[in-house]
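> The structure that follows is given in the form of structure tokens.
What follows draws every value from the coordinates through simple rules; no lab data is involved. On a predicted model such as this, the values are computed, not experimentally measured, just so you know. Cβ sites come from the backbone with ideal geometry, for glycine too, and all protein chains shown count toward neighbours.
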Amino acid sequence: MSFDAPIDELLGLVGDRTEFLRVLRDGPLFKRDIIDRLDTSRSTVDRAIDALVDAGLVAHVDGGYRTTRTGRLALTRYETLRSDVQNVLDASPVVDAVPADVTLSALTVAKSTTHRVDPHDVPDLVREALTGATSVVAALPRLSDSVVLDTYRKHADPETRTRLVFSPSLADALLDRLPTQSRRLATADVRVFRGAVADVGIVVCRGETDRALVIAYTGFGGVAGVLELTDPAAVDRLADRVAERIAAATEWTDELASVETTPEATEPATQSANDDTLPVGLEREGVVRVTDELLARRGTASLLQAWRTGISLADADSGHLVDRPPADGEQSVALEARERLLAGEDVVLTGPPGSGKSTVCKRLAVTWHRNDRGAVLYRQPDGERSLQSVPALRRAVDAASGHTLVVVEDVADPSARRALDLRAEFAGRSDVSFLFDARTAAWQRADTPAAGGPTELSMPGLSVADCEALLDRAAEDRESALPLSAAELHEAVTADDPAGGFVVAAHRVARLADPLAVAAGDTPTSLSAAATDAFDRLQSRGRLAVDLGIWINLLNLAALPIRPGTVEPLGDSTFLEDALGVLDGEVLFGRRADPLRVGGTVHDAWSTAFLAHAVDRLGERGAQEALGRSLTAVLDGGAQTAGEESPLPHTDDWAEPFVAALFDALRTRPRLAGLVGEQLRSQIPASVATLRRHRWHGRLALNAGSPEDAAAAFDRLLEAAEAAGNPHAKARARRGLGSAALQQSAYEDAVEDLAAALGLGLRLDDRETAVRALIDLGTAAQRRGDHETAASRYDAAHRQATALGDAVLLAVSRQNLGTAAAERADYEAAVAHARAARETFEAADEPLRVANCLANAANAMVNLGQYEAAAGRYERAVDIQSERGDDHGAAGTLTSLGDLERRRGNDERALSYLERAESLFRRIGDDHRLAICLNNVGIVRKDLGELAAAVDSHREALAIREAIGNPHEIGMSEHNLAVCALKRGEIERAETLARESMVHLSAAGNQRSVGVTRSLLADVLVERGEYDDAIEQLETGIDELRDCGAEPQADALTAELVGLYLEVGDTEAAQTLARSTHGRETCEADVVAADH
């Protein structure tokens, strides 16, 4: 790389190697010093320094290395850019709340400080900005709090120029609701205007410090947040925008000053059916009035998205709910609740989390509104403000017409319990009914009346019939069946939690039905939202509560017991009971009589979502420190109480297997790899062997698709093994280094390390290391196009695994034998190998390997024409991979899904899958698979007629493949570029590329692909009028294809030859060969074989 390299590469280098540029900024250092300063491996330092020197960012000085002046300048600008981007990300909750039609420049957001505030805090921010200001202008579409008016009035004086422009709707509301305050404002030293303003508040204050505020509102009178700016350019731009609004507005000061006021503005006695306006205080606390306008304004998600992210009122109105079949002879809960409410009773729906309580509430609320029963007031938990405005809610109920329904979710939560007081005030009223929902445990603990309370209806547990209804509805929506039976879905969801599970089942079906949406991973789901809420509530209790939440969820994933020995060391009983109460009754688990002992934990997906959110919120370092504090406390505390009750039952020697279980849980969940790093490793006590901790970390990094981190861990393991004189650990370190190099497509390095590991494994009779090294050597050979060597390596691994008697290793070897079978077009054998391996992995609880087997079987099925069966397996694979955070595996499966959709003729959907996979491969850095994906992107773009874009994709794939040196894949890229050249009329280039392709494919021994390319060359020759040469190419290609057993491809060439005979007038030859119609030129698509 040099200054001539693409800017994206240089930016990526500066970003990846920021710590090197910083440490070398103040003076030259030797490589050994860099290793010590950054605590990284020699190989990582070598790679980083070479790249930085090559780019001119670091220079060799006085025997050491130092950042150049260019490097220092680049670092400074990068850090500024990074700070700006971080500001943009921090501002996302505010920015996303700004309507799409409101212009918000990147500079404004990048130079801002974000305030996530309560609406009542906005006057304080405004007051602070006004302090010392000599000029104030503001454009306001709404008011977050009426106090803001007094804030502007009190600041105004003859020396200060204050001009405010209000939107027409705000102006009307001020006259109606706040006439006295409005008149006082207009009679102060303030000029007031009325005119069109954007739906975002802007306040600009000029003075000793120029300052601007951008206020983003929520849909119900609340405030999403405030951006504060002091950057001169950004402040000037906002001031100009407000000035433009004022210039276009009508001055309103005199009219407002003459308003006649009354002591108190009163609310109307009744409201129209379509008026959804409520007092601002109520709206801020999450209460809405259900109207046609509200439902239309909120919009509706797609069915599958609604199931994933949670059903809204608008979704319920759009028919996204599924009727849950009642048990034989019983009435459904929804129907019984409706009848009781119509009869004037009050109802509370109770059940565990995920049982569908709030879904029933939304169904009943929307049905009540659509049937014109009366007004519906609905309150959902907003996670921030408690329901306090009971007098205002009482007035809203009194003002409503008809039989009013008041719905309050999670009523047993302290933030909503005042709704029970309101119900008591309306006791005996037949024209008002209350519908509540509550978690069973919380309702039992709540202080509710023993008699005269609402009728309690318990939600039913998930049934097979429920699962069947969900699957049928999803299949109808996507117009194809899902690869899962109702019984399988029911068993998967209820294995740990028989009582709840309906929402979890819907979430699972939605994930399975739409792999692309799941793999994107950028939309919060109902499950992740619940986990996020729990994290926030723990965080409000302090750092130790967050530590406990992280610890409990990791124990859950590791299937380790949650008992006094694993909890008590983290705090005193009062603290623990309070913090555990946040999780009590959530999707995570429910406690039994002993508050420090959990009877059973459920929903691994919830725990994964919680931990992923913790890493996101705390950062990798913070999350590692949190986990490290808990681990240290438990390891120390557990050692002291081992005689009473050790953290692992039936053993006193528990520390090492305990830590091993934690690492193993993270190993199968790549998304959580950020929990393991130096901050955690440094807190593992000496009782856990150093060699093991390095090996665990390396394996986890490999599974997470982080080969550089893996290489650093295995470098440490190699150094420690050599120092300890441990040849077994040395063999495993070399094997790990080889696997890391394999992930980076560094095949020469990979083969060197793996061959060394194989030699050590055989010499030490370490068959496990030998088997794994042989498998990786086979993979390296296969990726370089040496299929004969790959098959030989896989066969040797299978023999070693058989001798060892290790079922999992035997399954791994069978999995790779399956990929070898697919390469030689023995697709039936490939399916059989994948099926056998999958059964073993299922028994061993290895979900990611199960997913890989499903994907490999699907790859073979596609070539057998079994498209529906293949699609089902791909969807199940990407579901597992996405849930576990295996972006690497999901990207591979999405690539194969894209190829399948292309074959089905669904090019647009194919491109969606492939582009998502491409972005994942670029982020991961897997060049080999990126080239496969780009190849398929090019094919689809060619089919869509986007030839220029197709050529770009194929050229990038070819460049990668040439760097790797795989002749088979080079030939495939050349073949596809030849197809594009032919389409564009570039006949000479098409012939050159086709002949070069055949040379490379022949060198790789791929007779089938050579035969297919002869068909392409024949098409080129026909375009040039060289019919005899074209016929010769087709005849040779047919023979080659039949010799290697590729009958379908041979038949396709035969059909093409028949057409060519007819074209040249040789009817007799055509009749002899006629079997099918003339075919079209064929691109060579790739599928991604899943790694072991």
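> For every helix of n ≥ 4 consecutive DSSP H residues, a contribution of -39,500 (n - 2.57) applies; sum these over the chain, divide by its total residues, and give [θ] at 222 nm rounded to the nearest 500 deg cm²/dmol. Intermediate results must be reported in sequence, preceding the final value.
On the way: 54 runs with 674 residues, N = 1092.
My calculation for the chain gives -19500 deg cm²/dmol from helical runs alone.
> Quick check: the distance between the Cα centres of the stretch 53-84 and the stretch 330-387, to the nearest angstrom?
Using only Cα atoms to place each centre, the spacing works out to 62 Å.
> If I model a spin label as a point 7 Å beyond the Cα along the Cα-Cβ vector, how far apart are those points for residue 53 and residue 1035 in nm?
6.1 nm
> Could you tell me the largest-minus-smallest coordinate of the C-alpha atoms of the chain on each of the three principal axes, in descending order and whole angstroms?
The Cα atoms of the chain stretch 100, 82, 79 Å along their principal axes.
> Right, next: What full-extension length gain, to one decimal in nm, is calculated for residue 807 and residue 906 as 0.36 nm per residue of separation minus the Cα-Cα distance?
Working: separation 99, 0.36 × 99 = 35.64 nm, distance 4.02 nm.
So the extension gain works out to 31.6 nm.
> Additional query: With an 8 Å cut-off on Cα pairs and a minimum separation of 6 or more residues, tell me the relative contact order of the chain in percent. If you can, show how the numbers build up before the last one.
Details: 1862 pairs, mean separation 61.3, N = 1092.
Over the chain, the number comes to 6 percent.
> Shape verdict for the stretch 280-460, please, from the Cα gyration tensor: rounded (a/c under 1.5), prolate (a/b greater than b/c) or oblate. Don't jump to the answer; show the numbers that get you there.
Values: a/c = 1.30, a/b = 1.09, b/c = 1.19.
Rounded, since a/c falls under 1.5.
> I've got another one for you. At R0 = 41 Å, how high is the FRET efficiency between residue 84 and residue 187 if r is their beta carbon distance? Nearest 0.05 is fine. Mind dumping the intermediate values first?
Details: r = 44 Å, r/R0 = 1.06.
After rounding to 0.05, the efficiency reads 0.40.
> Convert each backbone phi in the stretch 829-835 into a coupling constant with the Karplus relation 6.51 cos²θ - 1.76 cosθ + 1.60 (shift: θ = phi - 60°), then list the ³J(HN,Hα) values in order as whole Hz, x for Gly and Pro.
5, 4, 5, 4, 4, 5, 5
> Fully extended, how many nm does the chain gain between residue 62 and residue 106 (0.36 nm per residue separation, minus their Cα-Cα distance)?
Working: separation 44, 0.36 × 44 = 15.84 nm, distance 4.34 nm.
11.5 nm is the gain from fully extending residue 62 to residue 106.
> Sticking with this one: What distance in nm lies between label points placed 7 Å from Cα along the C-beta direction at residue 999 and residue 292?
7.4 nm
> Residue by residue through the stretch 981-996, what is 3J(HN,Hα) from phi via Karplus (6.51 cos²θ - 1.76 cosθ + 1.60, θ = phi - 60°)? Round to whole Hz and write x for glycine and proline.
Karplus-based 3J(HN,Hα) across the stretch 981-996 equals 4, 4, 4, 8, x, 8, 5, 4, 5, 4, 5, 4, 5, 5, 5, 5 Hz.
> Mind listing the phi-derived Karplus ³J(HN,Hα) values for the stretch 417-425, rounded to whole Hz, using 6.51, -1.76 and 1.60 with θ = phi - 60°, and x for any glycine or proline?
5, 5, 5, 5, 5, 5, 4, 4, 5
> Between residue 946 and residue 240, with labels modelled 7 Å along Cα→Cβ, what's the label distance in nm to one decimal, could you check?
Each label point is offset 7 Å from its Cα along the Cβ direction, giving 3.5 nm.
> Would you pull out the residues with amide H under 5 Å of residue 348's amide H, same chain only if 5 or more places away, H placed 1.01 Å from N?
436, 455, 456, 457
> Give the calculated FRET efficiency between residue 46 and residue 572 to the nearest 0.05, with a Förster radius of 41 Å applied to their Cβ-Cβ distance. Spell out each step's value before the answer.
On the way: r = 50 Å, r/R0 = 1.23.
Calculated transfer efficiency: 0.25.
> Looking at the chain, identify the longest residue range that excludes and avoids all GluC sites (Glu not before Pro) in DSSP loops having at most 11 other Cβ atoms within 10 Å. List each step's numbers first, then the result.
Details: sites that count: 159, 208, 260, 264, 330, 479.
Of all site-free stretches, the longest is 480-1092.
> For the chain, find the longest principal axis of its Cα atoms and tell me its angle to the long axis of helix 232-248, 0 to 90°, nearest 10.
Long axis of 232-248 versus the principal axis of the chain: about 50 degrees.
> Place +1 on the Cβ of every Lys and Arg and -1 on the Cβ of every Asp and Glu in the chain, take the dipole about the Cα centre, and give the residue among 726, 742, 1036 whose Cα lies farthest towards its positive end.
726
> Next question, about the same structure. Report the Stokes-Einstein translational diffusion coefficient (µm² s⁻¹, integer) for the stretch 160-250, Rh taken as the Kirkwood radius over Cα pairs, at 10 °C with viscosity 1.306 mPa s.
Answer from the Stokes-Einstein relation: 111 µm²/s.
> For an R0 of 60 angstrom, estimate the FRET efficiency from the Cβ-Cβ distance between residue 842 and residue 150 and round to the nearest 0.05. Please report the intermediate quantities before stating the final value.
Values: r = 68 Å, r/R0 = 1.13.
Efficiency at R0 = 60 Å is approximately 0.35.
> Next up: If you take all C-alpha pairs in the stretch 7-84, what percent of them are over 21 Å apart?
19 percent
> Now a separate question. Which far-off residues, 5 or more places away or on another chain, put their amide H under 5 Å from the one on residue 318, with H placed in the peptide plane?
Under 5 Å from the amide H of residue 318 lies no amide H from a residue far enough along the sequence or on another chain.
> Just to confirm the filter: which trypsin sites (Lys or Arg not before Pro) across the stretch 1-51 are DSSP coil and have at most 16 other Cβ within 10 angstrom of their Cβ?
Values: sites: 17, 22, 25, 31, 32, 37, 42, 47; in loops: 17, 25.
Of the trypsin sites (Lys or Arg not before Pro), the ones in loops of the stretch 1-51 whose Cβ has at most 16 other Cβ atoms within 10 Å are 25.
> A further question follows. Quick one: length gained pulling residue 472 to residue 764 fully straight, 0.36 nm per residue minus the C-alpha distance?
The residue 472-residue 764 span can extend by a further 99.5 nm.
> For the stretch 412-445 and the stretch 868-886, what is the separation of their C-alpha centers, rounded to whole Å?
Going from one Cα centre to the other spans 43 Å.
> Residue 200's amide H: which non-local residues (gap 5+, or another chain) put their own amide H closer than 5 Å, with H modeled 1.01 Å from N in plane and none for Pro or chain starts?
none
> Still on this model: Over the residues of the stretch 92-257, compute the C-alpha Rg and express it relative to 2.2 N^0.38 Å.
Numbers: Rg = 14.5 Å, N = 166, 2.2 N^0.38 = 15.3 Å.
Ratio of Cα Rg to 2.2 N^0.38 Å: 0.94.
> Taking the alpha-carbon centroid of each part, what is the distance from the stretch 982-1000 to the stretch 128-190 in angstrom?
73 Å
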